[in-house]
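The values are calculated or read from the model by the stated rules, or taken from the named source; none is laboratory data. These numbers were taken from a predicted model, which means no experiment stands behind them. FYI the Cβ positions are ideal-geometry reconstructions off the backbone, even for glycines, and counts take in every protein chain you see. Note: accessible area is taken over every heavy atom of the protein model, side chains too, but ligands, DNA and RNA are not part of it. Shrake-Rupley method; radii C 1.70, N 1.55, O 1.52, S 1.80 Å.
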Amino acid sequence: MVSLSVVAAGLGLVVAAAAFLRLADSDETDAVHLVVLEYGFAFALLIAGFGLIVIEMLA
């Protein structure tokens, strides 16, 4: 049975990843290493969020 709280947590991680992607695409960060760090956080959060949702659907 799919737990709504786990799916909501996964969607929350996806929303946080979208915020990091938007920040990385903006021109507010000048340093290249910070942009790379922002993209790293975004992709890590995307993988964690979608992974959490998929694992919950399979369980």
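Observations on the structure shown:
- Output for the range 20-43, where each listed residue is hydrophobic (A, V, I, L, M, F, W, C), open to solvent by less than 70 Å² (accessible area, probe 1.4 Å) and free of Cβ contacts under 8 Å to residues at least 12 places away in the same chain: Ala31, Val35
- Of all the listed residues (Leu13, Leu46), the sole one being surrounded by 12 or more Cβ atoms within 10 Å (Cβ to Cβ), in contact with a Leu (Cβ under 6 Å, 6 or more places away or on another chain), hydrophobic (A, V, I, L, M, F, W, C) and in a helix (DSSP H, G or I) is Leu13.
- Met1 being loosely packed, with under 14 Cβ neighbours inside 10 Å and part of a helix (DSSP H, G or I): no
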